[in-house]
Amino acid sequence: RMLIIGNLIDQELKSYNQTMTAAKRSKFSLEGLTNLVDQLGVNLTGAEEGDTLIGIRNRSKDTIMTIISGVIPPQRNLIAAIKKHDHLYARYIQRIQSTLTRFKHCSLEHVQLWLEASQHDASMMTDLEDDITVAFIQLGPSSSFSQLTSAQQTTLLASTDTAPISLKHVESYFPAKPGSKASHHTLVFYQAYWKLGQPFEESTSHAGLVVDLVRRQVVRGLRNAPLTLADVPLRCIKLTGLKTSPRLKAKQWQLTQPLDVAFVVERDSAKLSLSALLSHSNTRCTAAELELFRKATTYFTAAGLKSLLQKLVRYKPQTLSLGDEMDGLSLDSAVHACLFSLVVHPGSFVPDIQRYVTGLESAAKRASIIVFEDAAVPDGFESVLLSMMGCAFVAQRIKPAFWSPTIDSVVEWAELLVSCCQSSTYYDAAPVDGSELVPFTLQEKGSALENVSALLDAVGGMRSDSVLVRQVAAKASTSIESKCHQPGSMELSHCFDQHWAPEVVHYMPLGAIDSLLTYDSKPFATAFAQLFQHVSGLNPRKHDVTKQSPFRSGAVQGQRLAWMHRCLPMQARDVSTQLYTCSYTIPLGW
C-alpha cells in the first residue's frame with residue numbers, strides 16, 4: 001500500500017515539476033491571475049485563528065478544518081504579480097475587504113497595509129515557521145485523507161478546539177516512497193487547494209420549503225418562518241440531500257429530483273454540555289446520578305450508549321442496575337443520563353459507511369427510531385419527533401463546532417423517551433418489503449410523521465427502519481395497548497448485543513450455543529438471532545419477559561462476562577517462577 005501511494009504521489013510531483021514552467025507562465029498571465037482572484041484561495045487571503053478552511057481541489061476537496069492556532073500569510077509572489085495590473089489589484093483588494101469578515105469595516109488602505117505586512121514566500125502551510133494547529137470538522141470522501149487508516153481518520157476527526165492537531169504531524173501520516181528524499185510526500189496542504197468558507201450557505205431569503213426546527217413545522221418560504229421569535233435571533237441555512245419524485249425500480253423506490261430546502265435554527269444556541277443540560281428545570285437527573293452513570297459507562301462507545309438507550313425504552317425496567325458496588329438509577333434518571341451522555345459524545349469513525357458520526361447525530365436519529373420500533377408516538381409529541389429528525393439531518397451535515405440544537409430541544413427529546421417508557425403501547429407493523437408504500441417527500445401540507453419519514457429517508461440507515469416509519473406515517477400499522485409486566489430491574493450488561501459488542505458470543509457457555517454454531521462465513525448468525533429473540537430484543541409490551549430458557553440463562557451469563565471484561569479494571573495476575581516443560585509435534589504444514 002505504501003508503494004502504491006508513494007508511486008501516485010511521485011507521479012503527481014513529476015507531473016507538477018514537468019508543467020511548472022508552463023504553469024508559471026499561465027498562472028502569472030493576466031488570465032491566470034484573474035482566475036486566482038476569482039477563486040480567492042488561502043494563497044491570496046491568508047488565514048488566522050478561528051478561520052474555517054474548505055478543500056477545493058481533488059487532494060483536499062470537501063475537507064473542512066478550523067484553525068485553532070497559527071497564522072497562514074498570503075503568498076508574496078502572487079500578490080506582486082497581481083500588483084502589476086492596477087485594475088486587477090484594485091479588484092483583489094475589494095474582494096479581500098468584502099470576503100474577509102475582519103476587514104468589512106476597514107478602509108481599502110487598511111487592507112493594503114495588512115497585505116504589505118503579512119506576505120510570505122511559503123506555498124505550503126507546513127513550510128511556515130508557525131506550527132499551524134487545527135480541528136478537523138469533516139474529511140472529504142474523495143480527498144487524500146480517505147487514503148489514511150481508520151485509526152488516523154478517527155484521530156483527525158477527534159481533534160477539537162481544546163485538543164487540536166498539528167498540520168506538520170498530520171503530514172507525517174502520508175507515507176513516503178522507500179528511498180524518496182522529497183520534503184513533502186503529499187500536496188494536500190498546498191495553500192491554493194483551500195479557501196475560506198463555511199460548511200453551509202446562510203440565507204435571508206428563501207422561497208422553497210423551510211423546515212423550521214424552532215417552531216417545529218414545515219412551511220413554504222421564509223415569509224412563513226420569520227428569522228426572529230420573541231426577540232430570539234434565528235438563521236436560515238440551506239442544505240442539500242432531500243429529494244422528491246419517487247420512482248419504483250426493481251422493487252426499490254428511488255427519489256430522483258433534488259429538493260430546494262432550508263432549515264431555520266437558533267443563531268446563538270448555547271453550547272451543549274452536561275452542566276448546561278443538568279441545569280434545565282425539566283431534567284430528571286441529578287449531578288450525582290449522572291456522575292454514577294458516567295462512571296459505570298466509562299468504557300462505553302457511542303454505539304454502546306445507543307444500545308443502552310434503546311434497551312431502556314424497550315425493556316422499560318423500573319430501575320437500571322449499575323453493578324454490585326453502585327446504587328441503581330430510576331428509569332427516568334437513566335434515560336436522561338444516557339441521552340445526555342450520547343449527545344455530548346464526540347462520536348467515532350464508522351468504517352461501514354466511511355464517515356465520522358457524532359454523538360449528536362447518533363442520538364437524534366436513534367432516539368427517533370426507538371420511538372417507532374419499541375413503543376409508539378405519544379399524543380402531542382409528533383412535532384418533537386419532527387424537530388428531532390430534522391436535527392439529525394442537520395447534524396449529519398454540520399458539525400457541533402458550527403451548530404447544535406438548543407438545551408430545551410434535547411431535554412424535550414428525553415421527555416419524549418420517558419413518555420414512551422411509561423406507555424404500554426406499540427405498533428403492530430406487518431412485515432412488508434417496502435415496495436407497496438410510496439416514500440413520502442417533504443411537503444408543507446404533509447403531516448408531522450410524513451415529514452419525519454421523508455427526513456429519515458434522506459438521513460439514511462437501515463431499510464427496515466425507513467419502512468417501519470413509512471408504515472406508521474401512512475397509517476398502515478395499528479397501535480396496540482398491551483397489559484404488560486414491567487420488570488423490576490435491568491442490568492447494565494443487558495445492552496451488550498451483537499451490534500456493538502459482538503464478542504459477547506465468546507463469553508457464553510459452549511453448551512448454550514454449541515448446537516447453534518455453523519461452519520461457514522457467518523458461524524454465529526443463528527446464535528445472534530437467538531440472543532435477540534430471547535434476551536436483547538425482549539419487549540414487555542409484546543413478550544412475556546418472565547419466561548426463562550437454557551439459552552437465555554447462558555446468554556445473560558455471557559453478557560455479564562463481556563461487560564466485566566470491557567468495563568471493569570483489569571486485575572494484576574501473579575507471575576509464576578516455576579519452569580514447565582512440554583513436548584509437542586509440529587504438523588508438517590509448518
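The values are calculated or read from the model by the stated rules, or taken from the named source; none is laboratory data. These numbers were taken from a predicted model, which means no experiment stands behind them. Ideal geometry is used to build each Cβ from the backbone, glycine not excepted, and the neighbour counts take in all protein chains shown. The area values use the complete protein model at the heavy-atom level, side chains included, leaving out ligands, DNA and RNA. Shrake-Rupley method; radii C 1.70, N 1.55, O 1.52, S 1.80 Å.
Test each condition in (1) more than 19 Å from Pro487 (Cα to Cα); (2) open to solvent by less than 10 Å² (accessible area, probe 1.4 Å) for Ala334 and report the one that comes out false.
Result: Ala334 fails condition (1) only.
Regarding Leu468, is this residue buried (at least 20 other Cβ atoms within 10 Å of the Cβ), of a type outside the set (Ser, Thr, Tyr) and within 30 Å of Ser269 (Cα to Cα)?
So Leu468 fails the test.
I need the full set of residues from the range 514-548 which are loosely packed, with under 13 Cβ neighbours inside 10 Å and under 30 Å from Ala376 (Cβ atoms), in order please.
Selection gives Asp544, Thr546, Lys547, Gln548.
Can you say whether Ser536 is under 26 Å from Asp327 (Cα atoms), in contact (Cβ under 8 Å) with a residue 24 or more places away in the chain, among the small types (Gly, Ala, Ser) and in contact with a Cys (Cβ under 8 Å, 6 or more places away or on another chain), as far as the supplied structure shows?
In short, yes.
Scan Leu255, Leu272 and give me the residue that is at pLDDT below 90, out of contact with any His (no Cβ under 6 Å at 6 or more places or on another chain), among the aliphatic types (A, V, I, L, M) and in a strand (DSSP E or B).
From the options Leu255, Leu272, the qualifying one is Leu255.
When the residues of the range 253-288 are narrowed to those that are within 30 Å of Ser493 (Cα to Cα) and buried (at least 19 other Cβ atoms within 10 Å of the Cβ), which ends up nearest to the chain's Cα centre (by Cα)? Steps first, please.
Kept after step one, since they are within 30 Å of Ser493 (Cα to Cα), are these residues of the range 253-288: 272-280, 282-288.
Remaining after also requiring buried (at least 19 other Cβ atoms within 10 Å of the Cβ): 272, 277, 283, 285.
Numbers: Leu272: 15, Leu277: 20, Thr283: 25, Cys285: 26 Å.
The residue in question is Leu272.
For residues that are over 14 Å from His120 (Cβ atoms) and in a loop (DSSP other than H, G, I, E, B), tally how many sit in the range 35-50. Please lay out each step first, then the result.
Just the residues of the range 35-50 that are over 14 Å from His120 (Cβ atoms), to begin with: 35-41, 49-50.
Remaining after also requiring in a loop (DSSP other than H, G, I, E, B): 40-41, 49-50.
Total meeting the criteria: 4.
Suppose we filter Val188, Val210 for residues that are buried (at least 17 other Cβ atoms within 10 Å of the Cβ), out of contact with any Pro (no Cβ under 7 Å at 6 or more places or on another chain), over 26 Å from Pro74 (Cα atoms) and β-branched (Val, Ile, Thr); which single one remains?
Val210
Provide a single number: the residues in the range 152-176 that are open to solvent by 70 Å² or more (accessible area, probe 1.4 Å) and at pLDDT below 90. Steps first, answer last, please.
Pass one, the range 152-176, residues open to solvent by 70 Å² or more (accessible area, probe 1.4 Å): 161-162, 168-169, 172.
Keeping just the survivors that are at pLDDT below 90 gives 161-162.
So the answer is 2.
Of the residues that sit in the range 227-246 and are farther than 15 Å from Val264 by Cα and of a type in the set (S, T, N, Q), which one is modelled with the lowest pLDDT?
Checking each candidate, the answer is Ser245.
Please go through the range 392-408 and pick out each residue that is surrounded by 24 or more Cβ atoms within 10 Å (Cβ to Cβ) and polar (S, T, N, Q).
Listed by number, the list holds a single entry, Ser404.
Among the residues in the range 406-416, are any at pLDDT 95 or above, in a loop (DSSP other than H, G, I, E, B) and either of a type in the set (Gly, Ala, Ser) or touching a Cys at 6+ places or on another chain (Cβ under 9 Å) (or both)?
No, the conditions are met nowhere in the range 406-416.
Being touching a residue at least 60 places away in the same chain (Cβ under 8 Å), among the basic types (Lys, Arg) and assigned to a loop (DSSP other than H, G, I, E, B) is the filter here, so list the residues in the range 173-223 that pass it.
Hits for the range 173-223 are Lys177, Arg216.
Could you look through the range 565-590, keep only residues that are under 30 Å from the mean Cα position of the chain (by Cα) and open to solvent by 90 Å² or more (accessible area, probe 1.4 Å), and pick out the one that is farthest from Leu531 (Cα to Cα)?
As a first pass, look at the range 565-590 and keep what is under 30 Å from the mean Cα position of the chain (by Cα): 565-569.
Now drop any that are not open to solvent by 90 Å² or more (accessible area, probe 1.4 Å), which leaves 565, 569.
Working: His565: 19, Pro569: 26 Å.
Once the filter is applied, the top-ranked residue is Pro569.
When Asp497 is evaluated against the numbered criteria (1) of a type in the set (D, E, K, R); (2) open to solvent by 50 Å² or more (accessible area, probe 1.4 Å); (3) under 30 Å from Gln422 (Cβ atoms), which criterion, by number, is the only one it fails?
All conditions pass for Asp497, except number (2).
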